[in-house]
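Okay, so here's the structure we're looking at.
The numbers here are math on the coordinates, done by the rules we state, and not lab data. Keep in mind that what you see is a predicted model, and the values were worked out from it rather than measured. FYI the Cβ positions are ideal-geometry reconstructions off the backbone, even for glycines, and counts take in every protein chain you see.
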Amino acid sequence: MLDVIYQKTISGFGSKQKLQRLLAQISFKLIKNISNFYDPLINYPIKGHQLKLPISHALPLVLQYYPDYSDNLFRLANCVYNKYPDLKIIDIGANIGDSVFIIRNQVSCPILCIEGDPVFFKILQTNTVNCKEVVIKQVFIGEKDANVEKELVIVAGTAHFTDSSHTNTKFRKLSSILSEENLFSQAKLLKIDTDGFDLAILRGSADFIQSAKPILFFEYDPFFLANQKEDGISIFARLQAWGYHSIVIYDNFGRYLITLPLTETNQIADMHRYLLNRQGEYYYDICAVQAEDLEIIQQLREIELSLAKTI
């Protein structure tokens with residue numbers, strides 16, 4: 001019953017009737033207030049699958065307003081698969097496992113899902129229990145194997161770390177995990193979505209990146225990066241040093257913005273400045289490829305431009 005009420009509430013936001021939209025807004029506020037004290041799991045349809053997620057999770061509302069949210073991920077996966085039919089994917093910050101079903105909507109390939117938070121991991125485990133070739137690991141990935149004074153904060157179905165003087169969190173390098181999951185040691189697509197910890201993970205994964213040369217897909221949010229004492233923009237010079245040639249930039253709703261060579265430092269700096277002082281309201285998803293994989297980014301760009309013409 002709760003599933004039905006929730007789904008009707010969410011769908012009400014898209015109603016053409018003002019009264020129905022108003023009732024949906026009132027119902028949603030009530031649900032959110034209740035979720036501060038009681039946050040049950042509900043079933044919600046995502047890419048034809050009923051996934052479990054906490055009622056406080058923001059994903060259903062995002063999908064109501066932006067139904068194509070994250071579809072850029074399966075378009076990217078499909079482009080990578082066209083060149084690498086033995087594709088393996090690593091998903092760091094897998095959350096409830098929605099990316100598995102987004103990718104599997106187009107591409108069937110092994111996926112390593114890494115999620116450190118025990119609540120999200122349990123849901124991830126439930127959602128992927130019948131998924132073949134999906135490996136899940138409960139661990140936080142960081143710049144090195146270490147216990148760090150960090151505390152995980154969860155808000156609306158996403159999580160980020162803050163400094164803490166009373167909580168230690170254990171982190172492991174990606175290469176430490178891949179020594180246990182050798183199937184993914186040369187994975188060609190690495191996705192990272194960890195609300196500000198992405199760049200530390202990239203630096204800590206340098207050995208894997210320089211060996212496997214994967215296509216990278218990561219979140220870039222100066223607001224959360226600043227909370228981790230990251231300047232953000234230095235990652236682009238590091239990508240160049242690792243052999244990466246070009247990037248595709250999307251907004252945080254999965255809409256294509258621009259393709260740039262990493263040598264275009266002024267334009268990249270301008271894109272970075274646009275996000276400053278946005279308080280996390282806007283951010284980018286960035287795809288980076290090496291010179292040997294430029295045809296992937298060219299194919300992806302053509303697809304994105306053709307989609308823009310049909311909207």
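Take the Cβ atoms of Lys83 and Ser306, set R0 to 25 Å, and the FRET efficiency comes out at 0.85. Here the gap between Val119 and Ala241, fully extended at 0.36 nm per residue and compared with their Cα-Cα distance, gives a gain of 40.2 nm. Based on alpha-carbon centroids, what's the gap between the stretch 107-129 and the stretch 232-250 in Å, whole number please? When both Cα centres are located, 28 Å separates them.
Here the calculated FRET efficiency for Lys229 and Thr263, from their Cβ-Cβ distance with R0 = 22 Å, stands at 0.20, rounded to the nearest 0.05. Taking 7 Å steps out from each Cα toward its Cβ at Glu133 and Leu183 produces label points 0.9 nm apart. Estimated at 0.36 nm per residue, the fully extended path between Asp145 and Arg278 surpasses their Cα-Cα distance by 44.6 nm. Taking other C-beta atoms within 10 Å as the exposure proxy, Ser99, Ser56 rank Ser56, Ser99 from fewest upward. Cβ-to-Cβ counts within 10 Å put Cys131, Cys287 in ascending order as Cys131, Cys287, the fewest first.
Note on Lys29 and Glu292: the model spin-label points, each 7 Å out from Cα along the C-beta direction, lie 5.7 nm apart.
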